[in-house]
1. If we sort B:329-341, A:26-38 on the protection proxy, mean other Cβ atoms within 10 Å, highest first, what's the order?
2. 5 Å is the cut-off here: which amide hydrogens, built 1.01 Å from N in the peptide plane, fall below it relative to A:Ser89, excluding neighbours closer than 5 in sequence?
3. Taking neighbour Cβ counts within 10 Å as the exposure measure, how do B:Cys131, B:Cys457 sort from fewest upward?
4. Where does helix B:3-26 land angle-wise versus the long Cα axis of chain B, in degrees 0 to 90, nearest 10?
5. Please arrange B:Lys416, B:Lys227 by how many other C-beta atoms lie within 10 Å of their C-beta, fewest to most.
6. List the trypsin sites (Lys or Arg not before Pro) within region B:423-514 that fall in a DSSP loop (any state other than H, G, I, E or B) and whose Cβ has at most 16 other Cβ atoms within 10 Å.
7. Put a dot 7 Å past each Cα toward the Cβ at A:Arg28 and A:Glu73; how far apart are the dots in nm?
8. Karplus couplings for region B:106-117 from phi (6.51 cos²θ - 1.76 cosθ + 1.60, θ = phi - 60°), rounded to Hz, Gly and Pro as x?
Amino acid sequence: MGQLAFKASVTEEQAWQAIQARAPRISRIRAELRHHPFSGFVHRFYHPVHGASAPARVHTLVDRLTGKAFISEPWSELVEVDEASQGSSVSDPGWNTITFEQARERSLQVIRVAALRRYRLARRHALEELESHELLWKPNWLLTGMLGQQRLRVLVDGLTGSYYVVES
Amino acid sequence: MSIQLTFLLVYFAAMVVIGVWVMRRSGAGPEDYLLGGRSLGPAVTALRLQSSSMSGYMFLGAGSLGYTQGYFGMWYALGDIGGGIINLSILGRRMRKLSQILGSITSIEYLEHRYPSKWTRLVAAPIALACILFYVLAQFIAGGRGLEMVSGVSYPVALAVAVGVIVLYTYLGGYLAVAYTDFVQAIVMLLGMLWILIATLWAVGGLGEGNRAVAELDPNLLTMWGKDLAFQGEWGIIVGALLVFSVGYMGWPHVVVSHMAMKRPSVARSAGVYALGFNILFIPGPYLIGLFALLLVPTLADPELAVFKVAETILPPFAVGIVMAAIMAAIMSTADALLLQAGTIASQDIYARFINRGMSDGQMVWVSRLIILALAVIGYAVAAVDPPGVAAVVIFATTVLGSAFVPVYVCAVWWKKANVPGAIASMLVGAVVSVGWELADLSSRTGLGPMLVGMVCSTLAIVGVSLATQRSHPVPERIRRAIEETAKVGRIPASLLAGQDSQLAAQAAIAGRE
């Protein structure tokens, strides 16, 4: 594992509740905390549209295993990865692994595309990298349960509580 | 100044005031602004997208089809209404997952990731840009025609004003809360269209009476086979008409981008219901108004003005101004989205990829500005000198895009053997065949529409060339594994399916492998 991880703000119980809100009859079998590797960047972003307001800090996360970049909410608390988290990281399937430099480029690209779509073209924005983290581990809950006769596995975001059913 | 023009100007002023007021009131800083959309409710989300989708075509092209071909135009309307559903069911789930796995930000980039070669982007980007030019051209013409009618100034002057307003809106939109102005514009468009439709039905004595009167002029117009039953049994043409706005629509880059976009699942679900409701209320309107224009304004020299002229005939002047505002709303929101898409393709997919990999933020803005200005100048020149029909241009552009891109997008997620040479051949064949078919007017000789022929040819190209080049250009193993993962779409309980966050698709697939 790397050095820093987001602290899970969704507990195991809250993760189950998020799923049971949708599927009340699901029975619990197992819950595992899995960490997914991202690179994280914080940019200072200034645009004249906002006049004298203070320049913003724009947070981006780039998935190191897929290259997917997105602008995130301001990050929650970052914590040192402890011993207990060792071994909970996901393994790389080798679909689209990217380097840290590629992650940095994609972080810039996603902000630029968003800026173009949101601010249009009247004035130029200014962008400056303030922070970068080669590895930030994001917690997710991998829940296994039974719904009737069907065995279900669902990934619940450890930061937001949103979910996605694992296809199998 | 006419009452119509006054109302139009008041409308524009109101849009600016709303945009600036919401922007200031929200007090959102750049960070919130860049994350835009997260706080928007389903109604705003849905209607702002619909206002971008419904273009000047609906007010000029669709009315023209109703006026000249009667209920035949409904084939296009049916395709349009069902387009979103077909999009979601065929492409949606798998494509969202694959785009997550491959980390794509723009639609052209997605194609290059799936078919990994710079040639993929070199072929795809110019085709997309050319088609965007045609679609924007249609918006310019529609805006020019509308302003010409309302203001009474000559067409070239009205066109220049329309182009100027559209480009200005695209450049300066950042100063406005565009999501909310688009939302208001969608409501104005819907109300405007319904107003003319209801007034039209009132004027002709209701739907049944109107149909009876049209039947006296030409009973064939009440069938779905066109004037003089020209398309009776011509299933090649009819299937093509159905395909244009259902399947062909999938080829538009800004539509594909929306498939890849990440939205709050709860909002997306409700937004879909709002969008469907909007389409059902809005889309049939112009075709019906065009049809009944035969009774109200029977001697039109230009059928594309059918909706305008009906409005002018049956509505009071102030209402014509409001309806005109609705038309300009449709034109501006669509042209704005397309021009920004062109700016993204030019700066991200061409300039930053092939010319200057270290592109600065300033250069990105300048490249986008220049391409938008170039499109505006070229568009003005073509629209001023020899303006084609809006319907013809929109259908042509959508046909070429659909023929060039739909088989490539569909095979990307449904067929593991689709490779780079196959994709490039498919895009080129689809574009060349559909353009050639149209220019040579082969539809009337063969009874087969260019959309149908273009898609069949481009599908054959991707299948044939991919199979022939499997040894020399195998699909990379990592892509094959990604597609295999994408294909795992097991049965998911409906209650869970609807609330999924597609942003987690790749993370779930990776975590679930162990």
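Just so you know, all these numbers are worked out from the coordinates, no wet-lab data involved. These numbers were taken from a predicted model, which means no experiment stands behind them. Using ideal geometry, Cβ is built from the backbone for each residue, glycine included, and neighbour counts are taken over all protein chains shown.
1. In descending order of packing, they fall as B:329-341, A:26-38.
2. When sequence neighbours closer than 5 places are left aside, the close amide H contacts are A:His35.
3. Starting with the residue having the fewest Cβ neighbours, the order is B:Cys457, B:Cys131.
4. 40
5. B:Lys227, B:Lys416
6. B:Arg471, B:Lys488, B:Arg491, B:Arg513
7. For A:Glu73 paired with A:Arg28, the spin-label model returns 2.3 nm.
8. Karplus values, whole Hz, x for Gly and Pro: 10, 5, 5, 4, 4, 4, 5, 5, 6, 10, x, 6.
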